Amino acid sequence: MSRRRRRHPVSASRRPIVFAAGAALAAPLALAAPGQAGATTGFTVTPLKFTVQAGDRKCVVDADLYRPAGADKARPAPAVLTTNGFGGSKADGSTDAIAKAFATRGYVALAYSGLGFGKSGCPISLNDPEIDGRAASDLIDFLGGTRAADDGTRADYVVKDGAGDPRLGMIGGSYGGTIQLATAANDRRLDALVPLITWNDLAYSLDPNNANDPATPGAYKYQWTSGFFLMGESQGLLNPSLDPSRIGGGGCLHFVAKACETTRLLASGRYPADRTAEMLAYARSVSPASYLHRVKAPTLIIQGQADTLFNLNEAEATYKTLKAQGTEARMIWQSWGHSGGLTDPAEGELNLGQGNLETSYVGRRILAWFDRYLHGKKGTDTGPAFAYYRDWQSGYGTAAAPPALSRKVYLSGDGKLVDNRSKVVRGAREYRNRLFPTSHSENSLTGLTGLPDREPSDAPGTYLGWSTEPLKAPVDVVGAPKATLKVVSPQTERVQNSDDAADKLVLFAKLYDVAPDGRKTLVQRLVAPVRVPDARRAFTVSLPGIVHRYAAGHRLEFVVAASDDAYYGNRGIKPVTITSAPEDTGVLELPVVRGTLG
């Protein structure tokens, strides 16, 4: 995985991210920096407008049609549909680059501005399958030859699998990734999908609770969410003279009412039972987690290791659901994501701005996927079920499935991680939160904007850590670790059954790599926020997935912290004690593919 550049200190607070940051994010979130994707000859580009039905509204979608040289009714070509990431448009560097990349390779490409972005109408509806997905189906009708663009243009040079059924794939990242699944859930005409760095469950993405309790809200990821919200609301300034159909609801300028109400509730820091249930239901309704059972198109999932917005767990959840229901799926964990390498991928990694499809591992996998499912080359090798980028050696690691949890270590009362319960020392250790955040993992938008950030840190007395002995040989961890914990917090117990879930205990679990000289690296700056369902009972924490080598001589440290300044945290002071005994202690499980922690 690509290493982050060292960042310098900046202040952090709960104040919403300034408008300038939101505007600066618009282009990078779309995938890659502007650039040339292959030769810019061999195709024509025709601007088009489409009046579509989007839920209960009609609005106009702004698109560009890329027609490769030689494609005509007698020699039809397969098609690729692509759209922008959040804040982008058909004209941004990555959307245009994707269309050019495939047009130069003989595909008909249709690039469009998603609803509420660029010059397309309708408010932002977070890729709702019944709104954004249905609108995309109208564009599929165009490629299938059953409808014309608003100016009468028709596409009679796309390969058909039947009347009105174009041979069609979709590709795009982030916001342009989920729309593929939202469209495929309602439209079986899609033949292949390639979603990059996108979400499975928006409730988990923006308000994560890694305690695996879907009924309990998590810790509001306010930095990321504020950035997106301001970016969406600023569309009127970024795009003057917007279509009136883009006026939002619920008090927002450019979001649908339910999205607006969800953001307002999250920002309030309160979780009343009735409104919280409604919020979680809405967030999941616009998430693949709720409609993947309807997706049958072969799907190549590509997710970034450097991503605190949509982490690897989201991709794995999508992958496992598709596989379990019999949908053809493969998964790749590349180096770059929203938190690093987005505009400057590691050498040899996919860079759409450079058009290096044939010369990067991920690019070759994408081409093979489309060869197999769009060109009908049934003998094409589409690669292993699972592949992951490794920064410690060349090439990708591969496996038949994401690695399972294979090593256990135990939390000892003396602050050690030990490989056998018999080695656990009895003891009790305490930390307590303060009224302001005392742990720092990241300033969430620095990976996109290039702004500096300071190193991760935890204030003494506000966290607990457990470390292995120095490793005798390298240990490679690939996947999502899991911890089983039990805490003692009388102050929490007294209030946790109130009508407001915000009274429940919040904590943050994470893994550090500690070098022999004591320097600590928070792997990809990832943390696992937890709102403990019941402080009287043990609970399980799913940590974010990582691909990381702990070198010989280094130590693995597991930390439970009281706060994190990228999230909302505890209401009031809630001291926490964690006890250890050989017969009853916390357990950390790791998906180790090489090495031993003993």
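The values are calculated or read from the model by the stated rules, or taken from the named source; none is laboratory data. Remember, it's a predicted structure, so these values are computed and weren't measured experimentally. Cβ placement follows ideal geometry from the backbone for every residue including glycine, while neighbour counts extend to all protein chains displayed.
Worth pointing out:
- Set GLY337, GLY363, GLY326, GLY355: member being out of contact with any strand residue (DSSP E or B) (no Cβ under 6 Å at 6 or more places or on another chain) and in contact (Cβ under 8 Å) with a residue 40 or more places away in the chain: GLY355
- Where helices (runs of 4 or more DSSP H) fall wholly inside the stretch 151-256, the ranges with 3 or more residues that are closer than 30 Å to HIS375 by Cα and assigned by TED's automatic domain parsing to the domain that holds ALA315 are 175-184.
- Counting only strands (runs of 3 or more DSSP E) that sit completely within the stretch 383-480, those holding 1 or more residues that are free of Cβ contacts under 8 Å to residues at least 40 places away in the same chain correspond to 396-399.
- The stretch 563-594, subset out of contact with any Gly (no Cβ under 7 Å at 6 or more places or on another chain) and closer than 22 Å to ARG454 by Cβ, residue surrounded by the fewest Cβ atoms within 10 Å (Cβ to Cβ): ASP565
- In the stretch 432-462, the residues that are surrounded by fewer than 22 Cβ atoms within 10 Å (Cβ to Cβ) and more than 28 Å from the chain's Cα centre (by Cα): ARG432, ARG434, LEU435, ALA459, PRO460, GLY461, THR462
- Some residue of the stretch 205-218 being hydroxyl-bearing (Ser, Thr, Tyr), crowded, with 24+ Cβ neighbours inside 10 Å and under 19 Å from SER287 (Cβ atoms): no
- Here LEU374, LEU322 are screened, and the one residue that is at pLDDT 95 or above, buried (at least 24 other Cβ atoms within 10 Å of the Cβ) and out of contact with any His (no Cβ under 7 Å at 6 or more places or on another chain) is LEU322.
- Condition check for ARG372: assigned to a strand (DSSP E or B) and over 23 Å from the mean Cα position of the chain (by Cα): no
- Selected residue (criterion: nearest to CYS122 (Cα to Cα)) from residues of the stretch 222-250 that are among the hydroxyl-bearing types (Ser, Thr, Tyr) and more than 25 Å from the chain's Cα centre (by Cα): SER245
- Given (1) in a loop (DSSP other than H, G, I, E, B); (2) crowded, with 22+ Cβ neighbours inside 10 Å; (3) among the hydrophobic types (A, V, I, L, M, F, W, C), number of the condition LEU597 does not satisfy: (2)
- Candidates are the residues of the stretch 181-214 that are acidic (Asp, Glu) and within 15 Å of the chain's Cα centre (by Cα); the one that is nearest to SER125 (Cα to Cα) is ASP201.
- Qualifying residue in the stretch 16-33 (condition: modelled with pLDDT of 85 or more and within 30 Å of ARG134 (Cβ to Cβ)): no
- Number of residues in the stretch 402-431 that are exposed (fewer than 13 other Cβ atoms within 10 Å of the Cβ) and under 23 Å from the mean Cα position of the chain (by Cα): the value is 1.
- Candidate set from the stretch 490-529 (those that are within 18 Å of ARG555 (Cβ to Cβ) and of a type in the set (D, E, K, R)); member that is surrounded by the most Cβ atoms within 10 Å (Cβ to Cβ): LYS510
- Residue ID - surrounded by the fewest Cβ atoms within 10 Å (Cβ to Cβ), chosen from residues in the stretch 67-103 that are polar (S, T, N, Q) and touching a Ser or Thr at 6+ places or on another chain (Cβ under 8 Å): SER89
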